[in-house]
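Q: Dropping the structure in here first, questions after.
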C-alpha cells in the first residue's frame, strides 16, 4: 500500500478510528492487568499447587472441597452480613450530606471533619477502632461498664466481633457516600425546587419527590461502590481480628489470603477457587447494576 493510499485510508476512516486509538492504551492495560489475571486465577483453580513446585491437574476438586468446608460457609455468611449492614452507609451519607448542605458559619470546617475518615488509611481506621473497643482502656467498654457494670470485649466475642468490624468500615464509607451526595445536591435543579415550593411542598414531601429523584446518579454510584466494598472487605478484618476469634470474622477475601498467601498458606489452587467464587458473586451484582443503568438510560 503506497503512502498516498495510506493517507487516503486514514482520511476516510479518521472519525471511526480516532476513538479506538484513544481507548487502545487503556484497553491494553485492562487486558494485561485485569482480564489476564482473572483468566489465570480460573485456570489455577483447577490445579493443586503450592505456588512453587509443579502443578497437578485435579479438575473441579477444589470447588468440591470448598462446598464441604465449614470455613467457606462462615466466610460467605459474614460477607452477606457485611453486604446488608454496609448498605446503611448510603442513607447515613445522604443524611449527613443534607445536614452539611447548609449556608451557616463554619460549614467548611464541618465538611472537612466529616470528610476526614475517607482520606485516612483503612489500616489507621482499624487501629483506631481496635483501641476504641479495647477492654482495658477503650472508650466503648468503659461506657458499657459505666452503664451496666460489666465489660464487653467486642473483638474477642464471636457474637459482636463481625458487627464491630462493620461499624469501623461504615465510618469511612459513610464519608464517601456523603461526598457523592454533596456533589449531587450542588447539581439539583433550582427551578424544580422553587416550583415545588410554590405548590406548598416541604419537608419529607420535598425530599422524597424532588430531591431524591435528582440524586439517582449519586445513589447508583454509592450503591455500586458500597456493594463492592462489602464483598472485598479484607483490610479491617486483617488489622482488627485476623479472622478471629476462632475464625468467626473471616470473609471470603481473608479466607482466600489465609489459604494461599499467608505465612502458613500454600494451597494456591484452593485460594484461586475462593477468589473465583468471590469474583462470580461480584460479577452478578455488577451485571445487575449495569443492566439497570442501561434500562434507565433507555427509558429516560
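Q: Please label the shape of region 1-128 as rounded, prolate or oblate, based on the square roots a ≥ b ≥ c of the eigenvalues of the alpha-carbon gyration tensor (a/c under 1.5 means rounded; beyond that, a/b larger than b/c means prolate, else oblate).
A: On the way: a/c = 3.04, a/b = 1.11, b/c = 2.74.
Verdict is oblate for region 1-128.
Q: For the chain, with a Gaussian network of springs between Cα atoms less than 10 Å apart, report the residue from 145, 77, 111 with the top mean-square fluctuation.
A: Looking only at 145, 77, 111, the largest GNM fluctuation is found for 145.
Q: Report the full-extension gain for the segment residue 107 to residue 70: residue separation times 0.36 nm, less the Cα-Cα distance, to one decimal in nm. Kindly include the intermediate steps, with their values, before the conclusion.
A: Numbers: separation 37, 0.36 × 37 = 13.32 nm, distance 4.99 nm.
Taking 0.36 nm per residue and subtracting the Cα distance, the gain is 8.3 nm.
Q: Can you show me the helix-derived [θ] at 222 nm for the chain, built from DSSP H runs with n ≥ 4 at -39,500 (n - 2.57) apiece and divided by the number of residues, rounded to the nearest 500. Before the final figure, lay out each step's value.
A: Working: 15 runs with 210 residues, N = 300.
Helices in the chain give a 222 nm mean residue ellipticity of -22500 deg cm²/dmol.
Q: Tell me the label-point distance for the pair residue 22, residue 85, using the 7 Å Cα-to-Cβ offset, in nm and rounded to one decimal.
A: So the label points at residue 22 and residue 85 sit 4.5 nm apart.
Q: Could you grab the relative contact order for region 27-116? Cα pairs under 8 Å, six or more apart, rounded to a whole percent.
A: On the way: 25 pairs, mean separation 10.9, N = 90.
The normalised contact order for region 27-116 reaches 12 percent.
Q: According to a simple spin-label model (label point 7 Å from Cα along Cα-to-Cβ), what is the distance in nm between residue 288 and residue 197?
A: 3.9
Q: If you take the square roots of the eigenvalues of the alpha-carbon gyration tensor of region 63-126 and sort them as a ≥ b ≥ c, do you get rounded (a/c under 1.5), prolate (a/b over b/c) or oblate?
A: Working: a/c = 6.67, a/b = 2.76, b/c = 2.42.
Here region 63-126 falls in the prolate category.
Q: Further question on the same structure: Express the relative contact order of region 108-235 as a whole percentage, based on alpha carbon pairs under 8 Å and six or more residues apart in sequence. If you can, show how the numbers build up before the last one.
A: On the way: 83 pairs, mean separation 28.9, N = 128.
For region 108-235, the relative contact order is 23 percent.
Q: How far, in nm, would the chain grow between residue 13 and residue 188 when pulled straight, counting 0.36 nm per residue and subtracting the alpha carbon separation?
A: Details: separation 175, 0.36 × 175 = 63.00 nm, distance 4.02 nm.
So the chain would gain 59.0 nm between residue 13 and residue 188.
Q: Sticking with this structure for a sec: Only one of the listed values, (i) -0.78; (ii) -0.59; (iii) -0.54, was derived from the coordinates as log10 I(q)/I(0) by the Debye sum over Cα atoms at q = 0.10 Å⁻¹; which label is it?
A: From the options (i) -0.78; (ii) -0.59; (iii) -0.54, the structure gives (i).
Q: Could I have the simple spin-label model distance between residue 160 and residue 43, label points 7 Å from Cα toward Cβ, reported in nm to one decimal?
A: According to this spin-label approximation, the distance is 4.9 nm.
Q: For region 228-291, what is the relative contact order in percent, using Cα pairs closer than 8 Å and at least 6 residues apart in sequence?
A: On the way: 57 pairs, mean separation 15.7, N = 64.
Computed over region 228-291, the figure is 25 percent.
FYI, it's all coordinate maths here, none of it is from the lab. These numbers come from a predicted model, not from an experiment. Ideal geometry is used to build each Cβ from the backbone, glycine not excepted, and the neighbour counts take in all protein chains shown.
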